[in-house]
Amino acid sequence: MKLLDIFGLLKKDMDYIEKELYRSVQGEQKLLSETSLHLLKAGGKRLRPVFVLLGGKFGTYDIERLKLIAVPLELIHSASLVHDDVIDNAETRRGKPTVKSKWDNRIAMYTGDYIYGKALEMTAGLSDPAIHRILAKAMVQMSIGEMEQIRDFFNTGQSVRNYLLRIRRKTALLIAVSCQLGALATRAPAHISSLLYTYGYNVGMAFQIQDDVLDLVGTEKQLGKPPGSDMKQGNITLPVLYALEEEHLREPLLKEISCVHHEDGRASASDAIGMIRQSQGIAKAEALADRYMKKALDALDQLPNIKTTKNLRDIAHFVVKRTH
(Lines give C-alpha, C1' and ligand atoms only; values in the text may rest on other atoms or scores of the structure.)
Protein backbone atom coordinates (compact mmCIF):
# COMPACT_ATOMS: atom_id res chain seq x y z
CA MET A 1 0.00 0.00 0.00
CA LYS A 2 1.27 3.49 -0.89
CA LEU A 3 0.79 6.65 1.13
CA LEU A 4 -1.89 7.84 -1.31
CA ASP A 5 -3.84 4.65 -0.56
CA ILE A 6 -3.71 5.45 3.15
CA PHE A 7 -4.89 8.98 2.39
CA GLY A 8 -7.67 7.35 0.39
CA LEU A 9 -8.82 5.45 3.47
CA LEU A 10 -8.93 8.76 5.32
CA LYS A 11 -10.02 10.86 2.34
CA LYS A 12 -13.26 12.18 3.77
CA ASP A 13 -11.68 13.18 7.07
CA MET A 14 -8.50 14.55 5.45
CA ASP A 15 -10.61 16.67 3.08
CA TYR A 16 -12.38 18.00 6.16
CA ILE A 17 -9.07 18.72 7.90
CA GLU A 18 -7.81 20.54 4.79
CA LYS A 19 -10.90 22.78 4.76
CA GLU A 20 -10.47 23.44 8.49
CA LEU A 21 -6.83 24.37 7.90
CA TYR A 22 -7.86 27.05 5.40
CA ARG A 23 -10.71 28.23 7.59
CA SER A 24 -8.51 28.46 10.69
CA VAL A 25 -6.20 31.14 9.24
CA GLN A 26 -8.94 33.42 7.92
CA GLY A 27 -9.22 36.57 9.99
CA GLU A 28 -9.90 40.26 9.98
CA GLN A 29 -6.35 41.14 8.84
CA LYS A 30 -6.54 40.48 5.11
CA LEU A 31 -2.80 40.38 4.39
CA LEU A 32 -2.09 37.83 7.14
CA SER A 33 -4.97 35.70 5.88
CA GLU A 34 -3.60 35.94 2.34
CA THR A 35 -0.02 35.07 3.25
CA SER A 36 -1.12 32.17 5.45
CA LEU A 37 -3.33 30.74 2.72
CA HIS A 38 -0.49 31.13 0.21
CA LEU A 39 1.65 28.91 2.43
CA LEU A 40 -1.04 26.29 3.05
CA LYS A 41 -2.08 26.11 -0.62
CA ALA A 42 1.51 25.30 -1.62
CA GLY A 43 0.61 21.83 -0.35
CA GLY A 44 2.63 19.33 1.60
CA LYS A 45 2.37 15.71 2.65
CA ARG A 46 0.11 16.55 5.64
CA LEU A 47 1.84 13.73 7.51
CA ARG A 48 1.14 15.17 10.94
CA PRO A 49 -2.66 15.28 10.55
CA VAL A 50 -2.57 11.77 9.09
CA PHE A 51 -0.65 10.55 12.14
CA VAL A 52 -3.15 12.27 14.45
CA LEU A 53 -6.11 10.59 12.73
CA LEU A 54 -4.44 7.17 12.70
CA GLY A 55 -3.50 7.56 16.37
CA GLY A 56 -7.16 8.35 17.03
CA LYS A 57 -8.17 4.98 15.59
CA PHE A 58 -6.80 3.29 18.74
CA GLY A 59 -9.37 5.06 20.93
CA THR A 60 -12.94 6.28 20.45
CA TYR A 61 -12.52 7.94 17.06
CA ASP A 62 -14.08 11.42 16.90
CA ILE A 63 -13.10 13.70 14.00
CA GLU A 64 -14.49 16.80 15.73
CA ARG A 65 -12.18 16.23 18.67
CA LEU A 66 -9.24 15.10 16.55
CA LYS A 67 -9.38 18.19 14.33
CA LEU A 68 -8.51 20.28 17.42
CA ILE A 69 -5.12 18.55 17.35
CA ALA A 70 -4.65 17.67 13.67
CA VAL A 71 -5.14 21.24 12.41
CA PRO A 72 -2.98 22.96 15.08
CA LEU A 73 -0.11 20.50 14.57
CA GLU A 74 -0.06 21.18 10.84
CA LEU A 75 -0.27 24.92 11.54
CA ILE A 76 2.68 24.71 13.95
CA HIS A 77 4.68 22.82 11.34
CA SER A 78 3.73 25.38 8.66
CA ALA A 79 4.63 28.33 10.88
CA SER A 80 8.06 26.84 11.50
CA LEU A 81 8.58 26.57 7.73
CA VAL A 82 7.82 30.27 7.22
CA HIS A 83 10.43 31.16 9.83
CA ASP A 84 12.88 28.62 8.36
CA ASP A 85 12.59 30.26 4.95
CA VAL A 86 13.54 33.63 6.42
CA ILE A 87 16.55 32.21 8.26
CA ASP A 88 17.64 30.17 5.21
CA ASN A 89 16.87 33.00 2.73
CA ALA A 90 14.89 30.44 0.70
CA GLU A 91 13.18 31.64 -2.47
CA THR A 92 11.04 28.57 -3.17
CA ARG A 93 9.36 25.77 -1.24
CA ARG A 94 7.63 22.87 -2.97
CA GLY A 95 8.28 24.67 -6.25
CA LYS A 96 6.33 27.78 -5.18
CA PRO A 97 7.60 31.19 -4.04
CA THR A 98 8.05 31.39 -0.27
CA VAL A 99 6.17 34.01 1.74
CA LYS A 100 9.44 35.91 2.31
CA SER A 101 10.21 35.99 -1.43
CA LYS A 102 6.69 36.97 -2.53
CA TRP A 103 6.32 39.59 0.21
CA ASP A 104 9.29 40.24 2.51
CA ASN A 105 11.01 39.03 5.69
CA ARG A 106 8.91 41.15 8.03
CA ILE A 107 5.63 39.92 6.56
CA ALA A 108 6.93 36.34 6.70
CA MET A 109 7.88 36.56 10.38
CA TYR A 110 4.52 38.00 11.36
CA THR A 111 2.79 35.37 9.22
CA GLY A 112 4.57 32.63 11.16
CA ASP A 113 3.62 34.25 14.48
CA TYR A 114 0.01 34.62 13.32
CA ILE A 115 -0.19 30.95 12.34
CA TYR A 116 1.26 29.89 15.71
CA GLY A 117 -1.40 32.02 17.41
CA LYS A 118 -4.18 30.46 15.35
CA ALA A 119 -2.90 26.99 16.31
CA LEU A 120 -3.04 27.81 20.02
CA GLU A 121 -6.46 29.41 19.62
CA MET A 122 -7.81 26.16 18.19
CA THR A 123 -6.31 23.88 20.86
CA ALA A 124 -8.16 25.94 23.49
CA GLY A 125 -11.14 23.72 22.64
CA LEU A 126 -9.41 20.81 24.41
CA SER A 127 -9.70 20.63 28.20
CA ASP A 128 -7.07 17.95 28.89
CA PRO A 129 -4.05 19.74 30.45
CA ALA A 130 -1.71 16.86 29.48
CA ILE A 131 -2.33 17.61 25.80
CA HIS A 132 -1.42 21.27 26.26
CA ARG A 133 1.73 20.41 28.23
CA ILE A 134 2.93 17.97 25.55
CA LEU A 135 2.23 20.46 22.76
CA ALA A 136 3.91 23.36 24.55
CA LYS A 137 7.00 21.27 25.33
CA ALA A 138 7.29 20.21 21.67
CA MET A 139 7.10 23.85 20.53
CA VAL A 140 9.82 24.86 23.00
CA GLN A 141 12.05 22.04 21.75
CA MET A 142 11.43 23.06 18.13
CA SER A 143 12.61 26.59 18.94
CA ILE A 144 15.75 25.23 20.60
CA GLY A 145 16.37 23.09 17.52
CA GLU A 146 16.08 26.16 15.31
CA MET A 147 18.62 28.04 17.43
CA GLU A 148 20.99 25.07 17.33
CA GLN A 149 20.72 25.00 13.55
CA ILE A 150 21.61 28.69 13.34
CA ARG A 151 24.53 28.13 15.74
CA ASP A 152 25.86 25.31 13.56
CA PHE A 153 25.54 27.02 10.15
CA PHE A 154 28.58 25.90 8.10
CA ASN A 155 30.02 24.19 11.20
CA THR A 156 31.87 21.27 9.60
CA GLY A 157 33.30 20.32 12.99
CA GLN A 158 29.97 19.42 14.56
CA SER A 159 29.43 15.83 15.70
CA VAL A 160 26.90 13.34 14.40
CA ARG A 161 25.39 13.42 17.89
CA ASN A 162 24.77 17.18 17.60
CA TYR A 163 23.07 16.63 14.24
CA LEU A 164 20.82 13.91 15.68
CA LEU A 165 19.84 16.05 18.68
CA ARG A 166 18.97 18.90 16.32
CA ILE A 167 16.72 16.88 14.04
CA ARG A 168 15.12 15.28 17.11
CA ARG A 169 14.01 18.74 18.19
CA LYS A 170 13.24 20.21 14.77
CA THR A 171 11.36 17.28 13.21
CA ALA A 172 11.01 14.04 15.15
CA LEU A 173 9.28 15.37 18.28
CA LEU A 174 6.38 16.97 16.40
CA ILE A 175 5.75 13.74 14.48
CA ALA A 176 5.99 11.76 17.73
CA VAL A 177 3.42 13.93 19.51
CA SER A 178 1.14 13.80 16.46
CA CYS A 179 0.84 10.05 16.94
CA GLN A 180 0.68 10.32 20.73
CA LEU A 181 -1.91 13.12 20.92
CA GLY A 182 -4.26 11.44 18.44
CA ALA A 183 -4.43 8.51 20.85
CA LEU A 184 -4.68 10.69 23.96
CA ALA A 185 -7.49 12.79 22.50
CA THR A 186 -9.59 9.68 21.87
CA ARG A 187 -8.78 8.22 25.30
CA ALA A 188 -6.76 5.26 24.07
CA PRO A 189 -4.89 3.33 26.83
CA ALA A 190 -1.70 5.00 28.10
CA HIS A 191 0.60 2.20 26.91
CA ILE A 192 -0.84 2.58 23.39
CA SER A 193 -0.14 6.32 23.26
CA SER A 194 3.37 5.67 24.60
CA LEU A 195 4.10 3.10 21.88
CA LEU A 196 2.73 5.47 19.25
CA TYR A 197 5.06 8.20 20.53
CA THR A 198 8.03 5.81 20.18
CA TYR A 199 6.90 4.87 16.69
CA GLY A 200 6.44 8.51 15.65
CA TYR A 201 9.76 9.61 17.09
CA ASN A 202 11.69 6.97 15.14
CA VAL A 203 9.73 7.60 11.94
CA GLY A 204 10.46 11.31 12.38
CA MET A 205 14.20 10.68 12.70
CA ALA A 206 14.17 8.45 9.61
CA PHE A 207 12.08 11.01 7.73
CA GLN A 208 14.51 13.88 8.37
CA ILE A 209 17.61 11.82 7.57
CA GLN A 210 16.01 10.71 4.30
CA ASP A 211 15.02 14.31 3.58
CA ASP A 212 18.65 15.34 3.99
CA VAL A 213 19.77 12.51 1.70
CA LEU A 214 17.23 13.53 -0.95
CA ASP A 215 18.55 17.10 -0.88
CA LEU A 216 21.85 15.70 -2.18
CA VAL A 217 20.65 12.99 -4.58
CA GLY A 218 17.33 14.36 -5.86
CA THR A 219 16.61 16.54 -8.88
CA GLU A 220 15.18 20.05 -8.78
CA LYS A 221 11.92 18.69 -10.21
CA GLN A 222 11.65 16.09 -7.46
CA LEU A 223 12.62 18.46 -4.66
CA GLY A 224 10.85 21.66 -5.74
CA LYS A 225 14.15 23.47 -5.05
CA PRO A 226 17.74 23.15 -6.32
CA PRO A 227 19.66 20.12 -5.01
CA GLY A 228 22.21 21.03 -2.37
CA SER A 229 19.98 23.79 -0.96
CA ASP A 230 20.73 22.67 2.60
CA MET A 231 24.46 23.16 2.11
CA LYS A 232 24.04 26.53 0.39
CA GLN A 233 21.95 27.66 3.36
CA GLY A 234 24.65 26.47 5.78
CA ASN A 235 22.98 23.28 7.00
CA ILE A 236 25.64 20.59 7.33
CA THR A 237 23.62 17.37 7.24
CA LEU A 238 24.37 13.74 8.08
CA PRO A 239 25.63 12.56 4.66
CA VAL A 240 28.06 15.51 4.63
CA LEU A 241 29.32 14.72 8.14
CA TYR A 242 29.88 11.08 7.16
CA ALA A 243 31.67 12.10 3.95
CA LEU A 244 33.95 14.39 5.96
CA GLU A 245 35.07 11.36 7.99
CA GLU A 246 36.74 9.91 4.86
CA GLU A 247 40.36 11.02 4.98
CA HIS A 248 40.91 11.33 1.21
CA LEU A 249 37.80 13.51 0.81
CA ARG A 250 38.00 15.68 3.90
CA GLU A 251 40.29 18.49 2.69
CA PRO A 252 38.86 18.91 -0.84
CA LEU A 253 35.31 18.75 0.52
CA LEU A 254 36.08 21.30 3.25
CA LYS A 255 37.47 23.58 0.54
CA GLU A 256 34.29 23.31 -1.56
CA ILE A 257 32.03 23.93 1.44
CA SER A 258 34.16 26.96 2.35
CA CYS A 259 33.68 28.34 -1.18
CA VAL A 260 29.91 27.99 -0.87
CA HIS A 261 30.03 29.68 2.55
CA HIS A 262 32.26 32.64 1.75
CA GLU A 263 30.54 33.45 -1.50
CA ASP A 264 27.35 33.82 0.51
CA GLY A 265 25.54 30.98 -1.23
CA ARG A 266 26.24 32.28 -4.74
CA ALA A 267 28.83 29.59 -5.43
CA SER A 268 27.59 26.33 -6.91
CA ALA A 269 27.43 23.37 -4.55
CA SER A 270 27.67 20.91 -7.46
CA ASP A 271 31.32 19.96 -6.88
CA ALA A 272 30.70 19.32 -3.19
CA ILE A 273 27.58 17.31 -4.02
CA GLY A 274 29.60 15.22 -6.50
CA MET A 275 32.16 14.39 -3.81
CA ILE A 276 29.48 13.42 -1.30
CA ARG A 277 27.75 11.19 -3.85
CA GLN A 278 31.07 9.40 -4.44
CA SER A 279 31.60 8.88 -0.71
CA GLN A 280 30.01 6.43 1.70
CA GLY A 281 28.06 9.32 3.25
CA ILE A 282 24.78 8.64 1.44
CA ALA A 283 24.85 4.88 2.14
CA LYS A 284 25.76 5.37 5.82
CA ALA A 285 22.99 7.94 6.32
CA GLU A 286 20.44 5.65 4.65
CA ALA A 287 21.60 2.77 6.86
CA LEU A 288 20.97 4.89 9.97
CA ALA A 289 17.51 5.85 8.66
CA ASP A 290 16.83 2.12 8.23
CA ARG A 291 17.82 1.51 11.85
CA TYR A 292 15.39 4.16 13.05
CA MET A 293 12.68 2.62 10.88
CA LYS A 294 13.34 -0.80 12.45
CA LYS A 295 12.81 0.74 15.90
CA ALA A 296 9.54 2.25 14.68
CA LEU A 297 8.39 -1.14 13.36
CA ASP A 298 9.39 -2.82 16.64
CA ALA A 299 7.04 -0.44 18.48
CA LEU A 300 4.24 -1.30 16.04
CA ASP A 301 4.73 -5.02 16.75
CA GLN A 302 3.51 -4.33 20.29
CA LEU A 303 0.32 -2.59 19.13
CA PRO A 304 -2.98 -4.39 18.44
CA ASN A 305 -2.96 -6.23 15.12
CA ILE A 306 -5.53 -4.02 13.42
CA LYS A 307 -5.71 -2.34 10.01
CA THR A 308 -4.44 0.96 11.42
CA THR A 309 -1.24 -0.71 12.62
CA LYS A 310 -0.66 -1.94 9.07
CA ASN A 311 -1.27 1.59 7.76
CA LEU A 312 1.37 2.94 10.15
CA ARG A 313 3.79 0.26 8.96
CA ASP A 314 3.17 1.30 5.34
CA ILE A 315 3.86 4.96 6.20
CA ALA A 316 7.16 4.00 7.83
CA HIS A 317 8.26 2.22 4.66
CA PHE A 318 7.12 5.17 2.52
CA VAL A 319 9.11 7.65 4.62
CA VAL A 320 12.40 5.84 4.13
CA LYS A 321 11.93 4.80 0.51
CA ARG A 322 10.38 7.97 -0.92
CA THR A 323 12.02 9.94 -3.76
CA HIS A 324 10.59 13.42 -3.01
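The values are calculated or read from the model by the stated rules, or taken from the named source; none is laboratory data. Please read all numbers here as calculations on a predicted model, not as lab measurements. No Cβ is skipped: glycine too gets one built from the backbone with ideal geometry, and neighbour counts run over all protein chains shown. The accessibility values were calculated without ligands, DNA or RNA, using every heavy atom of the protein model including side chains. Shrake-Rupley method; radii C 1.70, N 1.55, O 1.52, S 1.80 Å.
Just give me the residues in the range 127-154 being under 30 Å from A272 (Cβ atoms) and open to solvent by 50 Å² or more (accessible area, probe 1.4 Å), in sequence order.
S143, I144, M147, I150, R151, F153
Could you tell me which of the residues E18, E34, E64 is free of Cβ contacts under 8 Å to residues at least 40 places away in the same chain, over 22 Å from L126 (Cα atoms), open to solvent by 20 Å² or more (accessible area, probe 1.4 Å) and not small (G, A, S)?
None of the others qualify; the one that does is E34.
For residues that are free of Cβ contacts under 8 Å to residues at least 24 places away in the same chain and within 17 Å of T186 (Cα to Cα), tally how many sit in the range 105-132.
Of the residues in the range 105-132, 4 are free of Cβ contacts under 8 Å to residues at least 24 places away in the same chain and within 17 Å of T186 (Cα to Cα).
Kindly list the number of the only condition in (1) open to solvent by 20 Å² or more (accessible area, probe 1.4 Å); (2) touching an Asp or Glu at 6+ places or on another chain (Cβ under 6 Å) that fails for E247.
In the conditions (1) open to solvent by 20 Å² or more (accessible area, probe 1.4 Å); (2) touching an Asp or Glu at 6+ places or on another chain (Cβ under 6 Å), E247 misses (2) alone.
Scan the helices (runs of 4 or more DSSP H) fully inside the range 207-311 and keep the ones with 3 or more residues being modelled with pLDDT of 95 or more and closer than 28 Å to V86 by Cβ.
Result: 238-244.
Would you mind finding the one in V82, V71 that is closer than 21 Å to Q149 by Cβ and of a type outside the set (S, T, N, Q)?
Criteria check complete, one pass: V82.
Take T171 and tell me if it is open to solvent by less than 50 Å² (accessible area, probe 1.4 Å), hydroxyl-bearing (S, T, Y) and farther than 17 Å from G56 by Cα.
Here the answer is yes, as T171 does meet what is asked.
Among the numbered criteria (1) within 23 Å of A90 (Cα to Cα); (2) buried (at least 21 other Cβ atoms within 10 Å of the Cβ); (3) not charged (D, E, K, R), which one does G274 miss?
Just one mismatch for G274, condition (2).
Which of the residues belonging to the range 277-288 are open to solvent by 40 Å² or more (accessible area, probe 1.4 Å) and over 17 Å from M205 (Cα atoms)?
Hits for the range 277-288 are R277, Q278, Q280.
Determine which member of the set L244, L253, L312 is more than 30 Å from E91 (Cα to Cα) and among the aliphatic types (A, V, I, L, M).
Result: L312 is the single residue among L244, L253, L312 that is more than 30 Å from E91 (Cα to Cα) and among the aliphatic types (A, V, I, L, M).
Mind checking which residues of the range 197-232 are within 25 Å of N311 (Cα to Cα) and open to solvent by 40 Å² or more (accessible area, probe 1.4 Å)?
Y197, T198, Y201, D211, Q222
Residues are listed down the side, and each one gets a yes or a no for (1) farther than 28 Å from G43 by Cβ; (2) in contact with a Pro (Cβ under 9 Å, 6 or more places away or on another chain):
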| site | (1), (2) |
| --- | --- |
| Q233 | no, no |
| S279 | yes, yes |
| E286 | no, yes |
| A289 | no, no |
| K294 | yes, no |
